[in-house]
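K.L.:
There's a structure below that I have some questions on.
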């Protein structure tokens, strides 16, 4: 791999809110200025138009629409340490830096042919991007977007030839590390950026086709879902010398797997006390595991193939979205009874959801209805419908202060 570092160390950004554009309608071109904190802000990806909607989560309104982000057909967002900037990862390989206070693009680079997401380092200095085409990870300076490290995802195929794997499941970990998985190679790599030179560590033969991954909230366990077989691969980052452990093996033994219409996402997984909730690949089930030993302790029947299984911040509920053809509904699971207690129909083609920082509200994107729908999570009352062009991912700034988000 080729490695390069800036000549000087960068100052980590930190601070409070500065100047921001006031809420404006789509027809207003020159907003007045006002002071604003970033804690109320969020970004909604508008996948069809290559734009994002900058939103206020307390006022439940769209502040403005910002264009110029390229192909957002499968986009994700991370936030800078001070929660002023959003880094948008586009499917066209674009990495775009958005200033949330001015509503303007502060930088943009096309760094690959096809990227799938990334992460911000613990100290806020680096942004890592995982790439499909060509496979690999590139690390950039968050202030300047200059390339710092280029890590090709090279692996040896069964016939002895060298190929590059798609990189998935890029997360940040304590100690200024990045962790990610190689789809075709069946490997998990860690990239340590804490020293003067990057250190790369590889764990091989973790399972067939890791397709996505998560890291626990305390930053200890990295868990990759496996598409090529039942089960998951777990790396204990406190004890990486112990290698990768297989968990939930053969959870579908003796059952016929259904056609998979959309890959489930593990980021945003659900925890409730000692229980962990996962989407089952190719099944109409949410799996429940004991986080002490990662054994399977339950299965919750749901109406479709789950995509996002996310816990309300107080861990009292788990909200589930589904693949086609059941993607017009959302189901809510009670984490004490492990039963579905509510089914909602926010609109057509539900793609993503995000809780407000303390969980009193949830925002849900209905792509084919061109709306973001806001619910009260206690009463299930609909609170607002906001206009957005083919909305998909919803990301609020509290993620800036959470490991793996």
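The values are calculated or read from the model by the stated rules, or taken from the named source; none is laboratory data. Not measured: the values here are computed from a predicted model. Neighbour counts are summed over all protein chains in view; Cβ atoms, including those assigned to glycine, are modelled from backbone coordinates with ideal geometry.
K.L.:
Assess whether residue 217 counts as being more than 19 Å from the chain's Cα centre (by Cα) and surrounded by fewer than 20 Cβ atoms within 10 Å (Cβ to Cβ).
P.N.:
Numbers: more than 19 Å from the chain's Cα centre (by Cα): no; surrounded by fewer than 20 Cβ atoms within 10 Å (Cβ to Cβ): yes.
Judged against the criteria, residue 217 is not a match.
K.L.:
Just checking, which of 296, 351 is modelled with pLDDT under 95, touching a helix residue (DSSP H, G or I) at 6+ places or on another chain (Cβ under 7 Å) and either within 24 Å of residue 73 (Cα to Cα) or assigned to a strand (DSSP E or B) (or both)?
P.N.:
Numbers: 296 fails: touching a helix residue (DSSP H, G or I) at 6+ places or on another chain (Cβ under 7 Å).
Result: 351 is the single residue among 296, 351 that is modelled with pLDDT under 95, touching a helix residue (DSSP H, G or I) at 6+ places or on another chain (Cβ under 7 Å) and either within 24 Å of residue 73 (Cα to Cα) or assigned to a strand (DSSP E or B) (or both).
K.L.:
Ok, one more. Which one of the conditions (1) under 29 Å from residue 270 (Cβ atoms); (2) assigned to a strand (DSSP E or B) does residue 149 fail to meet, given that it meets all the rest?
P.N.:
In the conditions (1) under 29 Å from residue 270 (Cβ atoms); (2) assigned to a strand (DSSP E or B), residue 149 misses (1) alone.
K.L.:
Considering 62, 66, which residue is at negative phi and buried (at least 20 other Cβ atoms within 10 Å of the Cβ)? Can you show your working first?
P.N.:
Values: 62 fails: buried (at least 20 other Cβ atoms within 10 Å of the Cβ).
Result of the check over 62, 66: 66.
K.L.:
Take residue 62 and decide whether it is at pLDDT 90 or above, within 20 Å of the chain's Cα centre (by Cα) and outside any loop (DSSP other than H, G, I, E, B). Before the answer, list the steps.
P.N.:
Working: at pLDDT 90 or above: yes; within 20 Å of the chain's Cα centre (by Cα): no; outside any loop (DSSP other than H, G, I, E, B): yes.
Against the criterion (at pLDDT 90 or above, within 20 Å of the chain's Cα centre (by Cα) and outside any loop (DSSP other than H, G, I, E, B)), residue 62 does not qualify.
K.L.:
Still on this model: May I ask you to list the residues in segment 325-342 that are under 23 Å from residue 387 (Cα atoms) and surrounded by fewer than 21 Cβ atoms within 10 Å (Cβ to Cβ)?
P.N.:
Across segment 325-342, the qualifying residues are 326, 328, 329.
K.L.:
In this structure, is residue 109 surrounded by fewer than 23 Cβ atoms within 10 Å (Cβ to Cβ), part of a strand (DSSP E or B) and free of Cβ contacts under 8 Å to residues at least 60 places away in the same chain? Walk me through it before giving the result.
P.N.:
Working: surrounded by fewer than 23 Cβ atoms within 10 Å (Cβ to Cβ): yes; part of a strand (DSSP E or B): yes; free of Cβ contacts under 8 Å to residues at least 60 places away in the same chain: yes.
Yes.
K.L.:
Inside segment 290-314, can you point out the residues that are under 21 Å from the mean Cα position of the chain (by Cα) and surrounded by 20 or more Cβ atoms within 10 Å (Cβ to Cβ)?
P.N.:
305, 306, 307, 308, 309, 310, 311, 312
K.L.:
Would it be correct to say that residue 264 is buried (at least 20 other Cβ atoms within 10 Å of the Cβ), assigned to a loop (DSSP other than H, G, I, E, B) and at pLDDT 95 or above? Before you say what the answer is, go through the steps one by one.
P.N.:
Details: buried (at least 20 other Cβ atoms within 10 Å of the Cβ): yes; assigned to a loop (DSSP other than H, G, I, E, B): yes; at pLDDT 95 or above: no.
Judged against the criteria, residue 264 is not a match.
K.L.:
Further question: Only one of these is surrounded by fewer than 21 Cβ atoms within 10 Å (Cβ to Cβ) and over 22 Å from the mean Cα position of the chain (by Cα): 150, 141, 201, 192. Name it.
P.N.:
On the way: 150 fails: over 22 Å from the mean Cα position of the chain (by Cα); 141 fails: over 22 Å from the mean Cα position of the chain (by Cα); 192 fails: over 22 Å from the mean Cα position of the chain (by Cα).
Of the residues listed, the single one that is surrounded by fewer than 21 Cβ atoms within 10 Å (Cβ to Cβ) and over 22 Å from the mean Cα position of the chain (by Cα) is 201.
K.L.:
In segment 65-100, what count of residues is obtained for those that are in a strand (DSSP E or B) and farther than 23 Å from residue 404 by Cα? Before the answer, list the steps.
P.N.:
First pass over segment 65-100, keeping only residues in a strand (DSSP E or B): 65-67, 76-79, 85-89, 94-99.
Keeping just the survivors that are farther than 23 Å from residue 404 by Cα gives 65-67.
Residues meeting the conditions: 3.
K.L.:
Continuing with this model, one more query. Conditions first: (1) assigned to a helix (DSSP H, G or I); (2) within 21 Å of the chain's Cα centre (by Cα); (3) surrounded by fewer than 19 Cβ atoms within 10 Å (Cβ to Cβ). Residue 368 passes all but one, so which condition is the exception?
P.N.:
Of the numbered conditions (1) assigned to a helix (DSSP H, G or I); (2) within 21 Å of the chain's Cα centre (by Cα); (3) surrounded by fewer than 19 Cβ atoms within 10 Å (Cβ to Cβ), the odd one out for residue 368 is (2).
K.L.:
Now a separate question. Would you point out which residue out of 69, 126 is modelled with pLDDT of 95 or more and farther than 27 Å from residue 174 by Cβ? First the steps, then the outcome.
P.N.:
Values: 126 fails: farther than 27 Å from residue 174 by Cβ.
The conditions single out 69.
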